[in-house]
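To keep things clear, I will list the structure first and then write my remarks on it.
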Amino acid sequence: MPTLEKILLNHDLGFLRIIASLWGVELTSAEPANAAAELASTLCDAELLEEIITTLPETSQAALGALSDTQGRHPWDAFTRTYGPLREMGPGKRDREQPYLHPTSTTESLWYRSLLARAFFDTEKGPQEFAFIPDDLLEALAFIGFSNPEPGQPASPEPKPTNEPIAKKASPAAPPNLDQPLGRPATPAEKAIVQNATDGLLEDLTTLLAALRTGHECPPLAFSQPLALELLAESRLIQRPTAETSNPTAAPNLFPEAIKTFLESPRAESLALLSRAWRASPTLNDLHLIPSLICEGGWSNTPLATRQFLLDTLALLPKNQWWSLPALIRDLKAQSPDFQRQAGEYDTWFIKRQSDGLYLRGFGHWDEVEGALIRQIISSLHGLGLADVAMTQEGGPFSAFRLLEKAEVRAETGKININSNGRISMLRPTTRSVRYQIARFCEWQESPSIEEYRYRVTPQSLKQANAQGLKASQLLSLLAKNAAGAIPPSFLKAVQRWEINGTEARLEHLAVLRVARPEVMNEMKNSKAGRFLAEALGPTAAVIKPGAEAKIMEALSELGLLAEVLNPPPSQE
């Protein structure tokens, strides 16, 4: 970092004289460069420096000590957000209003004593503005043994009113070092409507895996589908396409053996696998999964470190006790606002609101970004069966949560019901591996409830299953072992006959031309429209090729015939 003399060379002679007056020294040089050198030498005098520091307010001492504890520099935006702004003034306004005699912030108090400077430095993410202590002044502070008045306090402690001590605050890499957890217990209103944690994520992932395997469109899930896909990838059950693949939007590759183990494992083990994968993943980006936000641009974040900080913070809360989510967010904002954007990148991350496309730039949108991320972490814990959540009214946002010691899991006791017409239904939770296999043999039907799954066996679904190496006899074996009752004989016979003979009957929707006399049909066959006629159904009827209805109508008109079109009756189940 620059030396004090180099910093002082950037200021006018009037500013240098202000510094000298606040330090109680006489500045003899009238030429700015000489005055800067003279003042820099004086300010680094150990005895004078120690005397000046002892006269500073406690807030200024804490800010200076906190800055020295972070190698002498901290992002300017974060520093001024904590210790107050520096009013921008030219020399004329400064000399008229004399802000150095009546500073409105700790930042100004240190600035006009030249104990604080500002400049841009190169970082891994490009140039960034920092508050810093000049190098030689930092060495002088170390020489006199000056350090943070409150050990362990970084450069962004919780703000307090002027002239009051600064409270402790944790570094972004560790949870807050507090005697009491952040936030407070939830009020009765905050926990009015309760949603208990469940292990239903396992059912959703079974559905999603079956959809990926069969090519079916996945029905709506109770859990977030983007996060579900990330959990499957992080658990090594699927392989997501990468930018290097020829088609990054293609369906991911599946790992059948890993999926088999996952579906056949006890529910508690499967849920624990997902939880470990989420906690340890450096690539699963919780910020990108927030549905209300859209992240754009080339900036990058550190999702694992951020997630670990929030989980460590939550670990300080009492288990099995309802806790206020707004209060937790409020306290985190006050004590560790930069837990995600440690360098204060509130203007360089391009994040916009999904609802209206507004870019959320600046610290003023902290609640919509960092606050939303905290909610996302709580939501993930809820989905993993590790937290109950509550809201003030039905359908509202989470207002309270309760961390659990461990996830509660249900037994897979659901049975399968089979109708003679090929319909299959089952309730949650049915054995996951069985439902996954049955879903591969069937067409998927819409269900009236999230607690029920409906399928239907059709010749087309059996053909698709057969193309994947599955046999109809395997379906019958699965059903025989897991059905609530006996398989209907007619259904059993139909599947067995299909396996031997294939499709023996078809229903087709056809366009048919019917005429009054055979002579008319002969005229049609001999006209240019004859090529649009397909299978003859008799002397006065024939099937029209798909899409040729208009051509047939034109040909009839040329023959001097007016034809009427009869719409088919509505289809019936």
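Loosely packed, with under 13 Cβ neighbours inside 10 Å, within 47 Å of the chain's Cα centre (by Cα) and either at pLDDT below 85 or not β-branched (V, I, T) (or both): does that describe S473? Walk me through how you get there before you give the answer.
On the way: loosely packed, with under 13 Cβ neighbours inside 10 Å: yes; within 47 Å of the chain's Cα centre (by Cα): yes; either at pLDDT below 85 or not β-branched (V, I, T) (or both): yes.
Judged against the criteria, S473 is a match.
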Selection count where residues are exposed (fewer than 15 other Cβ atoms within 10 Å of the Cβ) and basic (K, R), scope region 212-228: 0
Test for L427: is it surrounded by fewer than 21 Cβ atoms within 10 Å (Cβ to Cβ) and within 26 Å of P318 (Cβ to Cβ): no
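Of all residues being β-branched (V, I, T) and free of Cβ contacts under 8 Å to residues at least 12 places away in the same chain in region 23-72, which is nearest to F143 (Cα to Cα)? Just the residue, please.
T54
Assigned by TED's automatic domain parsing to the domain that holds Q376 and either surrounded by 13 or more Cβ atoms within 10 Å (Cβ to Cβ) or at pLDDT below 95 (or both): which single residue out of L209, L231 fits that description?
Working: L209 fails: assigned by TED's automatic domain parsing to the domain that holds Q376.
From the options L209, L231, the qualifying one is L231.
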Odd one out for R432 among (1) more than 30 Å from T458 (Cα to Cα); (2) surrounded by 21 or more Cβ atoms within 10 Å (Cβ to Cβ): (1)
Every residue from region 263-294 that is touching a residue at least 60 places away in the same chain (Cβ under 8 Å) and β-branched (V, I, T): I290, I294
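Across region 249-279, what is the total count of residues that are within 23 Å of G385 (Cβ to Cβ) and in a helix (DSSP H, G or I)?
Filtering region 249-279 down to residues within 23 Å of G385 (Cβ to Cβ) leaves 258-279.
Then drop every residue that is not in a helix (DSSP H, G or I), which leaves 258-264, 267-279.
Of the residues in region 249-279, 20 are within 23 Å of G385 (Cβ to Cβ) and in a helix (DSSP H, G or I).
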Qualifying residue in region 496-508 (condition: at pLDDT 85 or above, over 30 Å from A465 (Cβ atoms) and surrounded by 16 or more Cβ atoms within 10 Å (Cβ to Cβ)): no
Of the criteria (1) aliphatic (A, V, I, L, M); (2) over 29 Å from D347 (Cα atoms); (3) surrounded by 15 or more Cβ atoms within 10 Å (Cβ to Cβ), which one A30 fails: (3)
Any hit, region 470-490, residues being more than 30 Å from Q437 (Cβ to Cβ) and of a type in the set (V, I, T): no
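Does S420 satisfy being of a type outside the set (V, I, T) and in the same structural domain as R456 (by TED's automatic domain parsing)?
yes
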Residue within region 371-384 that is free of Cβ contacts under 8 Å to residues at least 60 places away in the same chain and touching a helix residue (DSSP H, G or I) at 6+ places or on another chain (Cβ under 6 Å) present: yes
Every residue from region 240-262 that is at pLDDT 95 or above and either small (G, A, S) or within 17 Å of H216 (Cα to Cα) (or both): A258
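The values are calculated or read from the model by the stated rules, or taken from the named source; none is laboratory data. Every value quoted in this text rests on a predicted model; they were computed, and no experiment measured them. Don't worry about glycine lacking a Cβ; one is built from the backbone with ideal geometry, like all the others, and counts go over all protein chains shown.
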